[in-house]
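*Asks:* Let me begin by handing over the structure; questions about it come next.
The values are calculated or read from the model by the stated rules, or taken from the named source; none is laboratory data. Just so we're clear, the structure is a prediction, and the values are computed from it rather than from any experiment. Protein only, heavy atoms only, side chains kept; ligands, DNA and RNA dropped before computing areas. Shrake-Rupley method; radii C 1.70, N 1.55, O 1.52, S 1.80 Å.
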Amino acid sequence: MTESTETTTPTELDLRGVLCPYNYVKTKLKLESMGAGQILLVIGDDGEPIRNVPRSIAADGHTILKQEKVGNCFRVLIRKQG
């Protein structure tokens, strides 16, 4: 059985230039609008955003699937929990 496109194709949220704590708030709001199991790709700046967003989202019960530096920004792949 394969996963549906809905759960495997990430929704992208570009938060470059967004300051803390707004990047976490925007990530949380986006996840609230998504279904359980869906994937969110968050693109954010280095520094405080990349330290705080994954930690806070994981504390909310979601799964951080991958976190990587790409150029001068970071990409965080999050699976929304039910």
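*Asks:* In the set (1) 57; (2) 51; (3) 64, which value of percent of Cα pairs over 15 Å apart was calculated from the structure you see?
*Replies:* It is the value labelled (2).
*Asks:* Using just the helices of the chain, give the 222 nm mean residue ellipticity in deg cm²/dmol: DSSP H runs with n ≥ 4 each add -39,500 (n - 2.57), and the total is spread over all residues, rounded to 500.
*Replies:* Working: 3 runs with 27 residues, N = 82.
About -9500 deg cm²/dmol.
*Asks:* Still on this model: Using a 1.4 angstrom probe on the protein heavy atoms only, line up L31, L65, L13 by accessible area, largest first. Before the final figure, lay out the partial values.
*Replies:* Values: L31 0, L65 80, L13 35 Å².
If we order L31, L65, L13 from most to least accessible, we get L65, L13, L31.
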